[in-house]
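Notes to accompany the following structure.
The values are calculated or read from the model by the stated rules, or taken from the named source; none is laboratory data. These figures come from a predicted structure and were not determined experimentally. Quick reminder, even Gly has a Cβ in these numbers, built from the backbone with ideal geometry, and neighbours come from all protein chains shown.
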Amino acid sequence: MKIQTDIKNQWSRIRDRGLKANAFGRASRHSAFTLVELLLVLVILATLAAIVLPKFTGTSQRARNTAAMTQISTFKTALNAFEVDLGYYPKSLNDLLVRPQNAGQNWHGPYLDSDVIPKDPWGNDYIYTCPGKHNPTSFDVMSLGADGQAGTADDICNWTTSNNAN
């Protein structure tokens with residue numbers, strides 16, 4: 001009888017203190033997660049990651065495309081300013097930074113805010129052609145896009161194509 005009373009007293013003390021009994025009947029202040037609860041949390045996190053991660057990778061690609069379009073627009077502005085000053089378009093993009101030998105006094109460069117011609121967001125050089133194949137009275141500027149190959153759907157350029165019409 002005394003043992004049963006002692007056990008009842010222990011349980012009531014545990015209950016009164018807000019403690020939980022562990023598997024061995026001892027009081028424990030630490031509550032833990034069960035394996036099922038941990039697995040449930042992992043499944044929820046994996047599901048969220050499967051939904052969210054593809055959205056971020058698509059955003060990253062769009063951001064690179066936008067950065068390339070913005071840089072091409074900057075080149076267009078600089079190239080047009082060069083043409084206004086000198087009456088012709090430069091032979092290379094480097095002429096926007098360094099005075100060409102035949103420029104004379106009308107060169108008011110550098111026409112870009114950097115010391116080097118920037119590379120596209122994928123680390124490739126921009127392709128500049130003057131006179132342009134697509135803009136025969138001016139110039140063509142193109143980024144080869146993520147695949148680094150000309151003539152593919154991911155090319156970004158200063159002329160209208162079915163790929164960059166938007």
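Give region 93-118 a look and list any residue that's more than 18 Å from residue 74 (Cβ to Cβ) and assigned to a loop (DSSP other than H, G, I, E, B), or say none. Show your work before the answer.
First, pick out the residues of region 93-118 that are more than 18 Å from residue 74 (Cβ to Cβ): 99-107.
Within region 93-118, 99, 100, 101, 102, 103, 107 qualify.
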Seminar exercise, completed: The residue that is nearest to residue 96 (Cα to Cα), considering only those in region 127-160 that are of a type in the set (S, T, N, Q) and touching a residue at least 24 places away in the same chain (Cβ under 8 Å), is 138
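This table checks each residue for (1) under 16 Å from residue 131 (Cα atoms); (2) surrounded by 14 or more Cβ atoms within 10 Å (Cβ to Cβ); (3) in contact with a helix residue (DSSP H, G or I) (Cβ under 8 Å, 6 or more places away or on another chain).
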site	(1), (2), (3)
69	no, yes, no
86	yes, yes, yes
103	no, yes, yes
106	no, no, yes
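Of all residues in region 59-84 being among the basic types (Lys, Arg) and under 12 Å from the mean Cα position of the chain (by Cα), which is farthest from residue 123 (Cα to Cα)? Explain how you work it out, then say what you get.
Here is the first cut: in region 59-84, the residues among the basic types (Lys, Arg) are 62, 64, 76.
Still in the list and also under 12 Å from the mean Cα position of the chain (by Cα): 62, 64.
Numbers: 62: 16, 64: 11 Å.
This residue is 62.
Given the criteria modelled with pLDDT under 90, within 21 Å of residue 62 (Cβ to Cβ), surrounded by 12 or more Cβ atoms within 10 Å (Cβ to Cβ) and β-branched (Val, Ile, Thr), does residue 160 qualify?
In short, no.
Confirm whether residue 62 is surrounded by fewer than 16 Cβ atoms within 10 Å (Cβ to Cβ) and either touching a residue at least 60 places away in the same chain (Cβ under 8 Å) or part of a loop (DSSP other than H, G, I, E, B) (or both). Steps first, please.
Numbers: surrounded by fewer than 16 Cβ atoms within 10 Å (Cβ to Cβ): yes; either touching a residue at least 60 places away in the same chain (Cβ under 8 Å) or part of a loop (DSSP other than H, G, I, E, B) (or both): no.
It is false that residue 62 is surrounded by fewer than 16 Cβ atoms within 10 Å (Cβ to Cβ) and either touching a residue at least 60 places away in the same chain (Cβ under 8 Å) or part of a loop (DSSP other than H, G, I, E, B) (or both).
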Exercise. For region 89-106, how many residues meet the condition of being of a type in the set (Phe, Trp, Tyr) and either at pLDDT below 90 or more than 14 Å from residue 139 (Cα to Cα) (or both)?
Worked result: 0
Problem set entry | Unique residue being in contact (Cβ under 8 Å) with a residue 24 or more places away in the chain and of a type in the set (S, T, N, Q) when the list is 124, 106 | 124
Problem set entry | Which listed residue is part of a loop (DSSP other than H, G, I, E, B), buried (at least 17 other Cβ atoms within 10 Å of the Cβ) and out of contact with any Lys or Arg (no Cβ under 8 Å at 6 or more places or on another chain), from 131, 136, 90, 121 | 90
